[in-house]
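Every number in this text was worked out from the coordinates using simple rules, so none of it is lab data. Values in this document were obtained by computation on a predicted structure and should not be read as measured data. Positions of Cβ are backbone-derived with ideal geometry, glycine not excepted, and every protein chain shown enters the neighbour counts.
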Amino acid sequence: MSELKTVISDQIKKHGKGRDALMPILQSIVEKNNYLTNENMVEIAKELDISAADVYGTASFYSFLETEERGRYVIRICKSITCDMKGKGKVLRTIQDMLKIKIGETTQNKKFSLLETNCIGLCDQGPAMLINDDFYNHLTPEKVREVLVDYIRNKN
Ligand code: FES
């Protein structure tokens, strides 16, 4: 059985063969592979007996369910107004200059992707960002530079 089929059948055992299994299946695949391919979504639709459009609609609604290949470290900087007013622009420019990528892009070595996200609940501590599941707050150009240097030097 393929890895995908195993994930699907494990989740169907837990949640039944229907829409209840959809989110857990999508999350498990993203945890394992970082993103969902079109083939994954078609296969899931077949196995759950729902339409591929339904699966795609769910996956694209949630920004953490990636439908494109991303770097190992996905930086999500908050684009909401409070972080914007607290200096997110300078922080973003620092990230873009250091990594030589724009929003929506991935570095050539596939280590980093840079995305914007809606509020991540740290408005009183903005500007804020996530790198994968780790939160970073009170960002300044200096602080974000330190964070990125650490990732560049110490994390594979
Ligand atoms: S506005 Fe940026 S974390 Fe809420």
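The modelled label-to-label distance for the pair LYS110/SER2, using points 7 Å beyond Cα in the direction of Cβ, is 1.8 nm.
Measuring between their Cα centroids, region 81-156 and region 6-38 lie 29 Å from each other. Here the calculated FRET efficiency for TYR62 and ASN38, from their Cβ-Cβ distance with R0 = 22 Å, stands at 0.85, rounded to the nearest 0.05. Relative to the current alpha-carbon distance between MET23 and SER9, full extension at 0.36 nm per residue lengthens the span by 3.7 nm.
Annotation: the antiparallel percentage among DSSP beta bridges lying fully within the chain is about 55.
Hey, with R₀ at 41 Å, roughly what FRET efficiency would LYS46 and LYS90 work out to, going by the Cβ-Cβ distance, to 0.05? After rounding, the FRET efficiency stands at 0.30. Take the chain, drop everything but the C-alpha atoms, weight them equally and run the Debye formula without solvent; then report log10 I(q)/I(0) at 0.12, 0.19 Å⁻¹ to two decimals. For the chain at q = 0.12, 0.19 Å⁻¹, log10 I(q)/I(0) is -0.59, -1.06.
For VAL74, the residues whose modelled amide H falls within less than 5 Å of its own, excluding neighbours fewer than 5 places apart on the same chain, are SER113, ASN132.
Among the cysteines of the chain, those with no neighbouring cysteine Cβ under 4.7 Å are CYS119, CYS123. Amide H contacts of GLU66: LEU36, each under 5 Å away and 5 or more positions distant or on a separate chain (H built 1.01 Å from N in the peptide plane; Pro and chain starts excluded).
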